[in-house]
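Here's the structure, in structure tokens; my notes come after.
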Amino acid sequence: MLSFRSRVVIIVLGMVIGISSLLFTNDMAEDVAEFIANHLKNNIRQLEGAVKKLNAYYMLEGIQPVISVAQNAIKDILNETQPVPVTIEKIVGEVSRTFNVSPADIRGTKRNANVASARRVAIYILREVTGMSMEEIGREFSGRDHSTIVYSLKTMERDMKNDQHLRETVSDIIKNVKA
């Protein structure tokens, strides 16, 4: 990852090359560049994209590169790079919809076959997608013990090896949750 100072220099140079440097002061360029550099930290392509948008706003519409314009220019880039967080509720909700069991039952203490099966799937997906610890997962499911979560995960791994339909179902749920 580039340092903050390097990002600012890249942005300022891109703005000066793209727009006549007589049209705005260095203070204006510096402020806008610092704003963009504070928000776009992942890679140089994002910085270039933001600078190109600022240049296009100026050349096509005559809009000076100020912070409000920079906010608009980087809005799309930020939305693309920041995935929607996967929550416990989203996972439990998707599993409950798939297995036609209520979220309360999945998190609760009922032990009938399809509730227990849905609960194991939810526990497995939580562990795979979020990387939560077994203790944290146990707390989410009515305070279940760590060893219960370990047993549930091992059962799911064994069942998924032998059951193609279960593997596909879990894969579909994970895709839906991440979408």
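Among the residues of region 36-48, which ones are more than 10 Å from residue 11 (Cα to Cα) and either touching a residue at least 12 places away in the same chain (Cβ under 8 Å) or not in a helix (DSSP H, G or I) (or both)?
Within region 36-48, 38, 39, 40, 41, 42, 43, 46 meet the criteria.
Would you mind telling me which numbered condition in (1) in contact with a Ser or Thr (Cβ under 8 Å, 6 or more places away or on another chain); (2) charged (D, E, K, R); (3) farther than 14 Å from residue 98 by Cβ residue 172 fails?
Of (1) in contact with a Ser or Thr (Cβ under 8 Å, 6 or more places away or on another chain); (2) charged (D, E, K, R); (3) farther than 14 Å from residue 98 by Cβ, only one is false for residue 172: (3).
Taking only pairs six or more apart or across chains, which ones have beta-carbon atoms under 8 Å, a first residue in region 103-127 that is free of Cβ contacts under 8 Å to residues at least 24 places away in the same chain, and a second residue that is assigned to a loop (DSSP other than H, G, I, E, B)?
What qualifies is 114/100; 114/101; 115/101; 115/108; 116/110; 118/101.
Conditions tested, residue by residue: (1) more than 28 Å from the chain's Cα centre (by Cα); (2) at pLDDT below 80.
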position	(1), (2)
3	no, no
7	no, yes
11	no, yes
20	yes, yes
25	yes, yes
28	yes, yes
34	no, no
53	no, no
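Can you pull out the residues in region 101-145 that are within 20 Å of residue 159 (Cα to Cα) and not hydrophobic (A, V, I, L, M, F, W, C)?
111, 112, 114, 117, 119, 120, 124, 127, 128
I need every pair where a residue in region 134-158 that is touching a residue at least 12 places away in the same chain (Cβ under 8 Å) has its Cβ under 9 Å from the Cβ of a residue that is outside any loop (DSSP other than H, G, I, E, B) and of a type in the set (Asp, Glu), sequence separation at least 6 or different chains.
146/135; 149/135
The values are calculated or read from the model by the stated rules, or taken from the named source; none is laboratory data. Remember, predicted model here, so these are calculated numbers, not experimental data. For neighbour counting, all protein chains shown are included, and Cβ atoms are generated from backbone atoms with ideal geometry for every residue, glycine included.
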